[in-house]
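The values are calculated or read from the model by the stated rules, or taken from the named source; none is laboratory data. Treat the numbers as computed from the prediction; the structure is a model and nothing was measured. In this analysis, Cβ positions are derived from the backbone assuming ideal geometry, glycine residues included, and neighbour counts consider all displayed protein chains.
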């Protein structure tokens, strides 16, 4: 019996000794994650000054970054590391990034993925590595689609994969075939995402690309007549919208800015209003809104008649067409790519 008791005591002692390093390691990990959490990120609201927010955000991440690097290196398999790493890799995104910046980020993310067995961290790493690869090669649409396809095959249930297919359609550089490939992938793989819904509405519109945009209407505001032939030799932006459409209203300041910026370069705007019939107050709402917001371009008020809208297969608004100097529709995705499209086309007018 004595021998047995000694054996149990020895086992108990070994057990205690083997658990102690794990406890110490856990304490160290907790301290690291607590230190990261203590550096709070600013919260954006409608009243927040954007420059102030950006400065606070960047300062917080300057302080967080060395701590995040430490937990990725020391605790790659800790479940908490995945969330911290995901937030950090997202924070690295900037409006203008050089290819070498993307390459460095991709290399660091790939190293983190290689060193971890944590499934969540590996998935976040795969997403962000693909994201920065798409951003780096955003004008090489076939490569973007290839990256997007690879990620969606590896993680078919991750809705973030839609982001990569949207890179292709939002680049302003995609051919008609590439746009179709992007939209079809979004509809089939990500039907319940915002990008999937947008692509579903855009796919039929692709049939318009290359066709002549024909119109003849009287401006709802001035009564002046406008025909498509009046715009030959100019670039025409066609804004399908309504006063009840929140995204349309939100995009108006940018539309006015672009109208003013490119008018001297041969760019004109017209609106196609899908407001309710006049009997239901639609015309009154349109006229009041145009006056209040000083919209300088003519308005084709459809007065509830969907014929013109159906002709061009417009299923949702805002939708923005861009028509070239020959009267051909060259873009149906202007709501997201308008500035890039105009910058590319404006120098070709004349």
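Checking the structure you have, find out if any residue of the range 215-227 is touching a helix residue (DSSP H, G or I) at 6+ places or on another chain (Cβ under 8 Å), modelled with pLDDT under 95 and either surrounded by fewer than 14 Cβ atoms within 10 Å (Cβ to Cβ) or at positive phi (or both). No, because not a single residue in the range 215-227 is touching a helix residue (DSSP H, G or I) at 6+ places or on another chain (Cβ under 8 Å), modelled with pLDDT under 95 and either surrounded by fewer than 14 Cβ atoms within 10 Å (Cβ to Cβ) or at positive phi (or both). Residues that are surrounded by fewer than 15 Cβ atoms within 10 Å (Cβ to Cβ) and either part of a loop (DSSP other than H, G, I, E, B) or touching a strand residue (DSSP E or B) at 6+ places or on another chain (Cβ under 7 Å) (or both) within the range 61-94 comprise 77, 93, 94, listed in sequence order.
Results for (1) under 19 Å from residue 335 (Cα atoms); (2) out of contact with any strand residue (DSSP E or B) (no Cβ under 9 Å at 6 or more places or on another chain), shown as yes or no for each residue.
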residue	(1), (2)
202	yes, no
207	yes, yes
210	yes, no
213	yes, no
218	no, no
223	no, yes
227	no, no
237	yes, no
240	yes, no
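Residues in the range 1-60 that are part of a loop (DSSP other than H, G, I, E, B) and at pLDDT below 65: 1 alone.
The helices (runs of 4 or more DSSP H) located wholly in the range 95-154 that include 1 or more residues which are under 17 Å from the mean Cα position of the chain (by Cα) occupy 119-136, 141-154.
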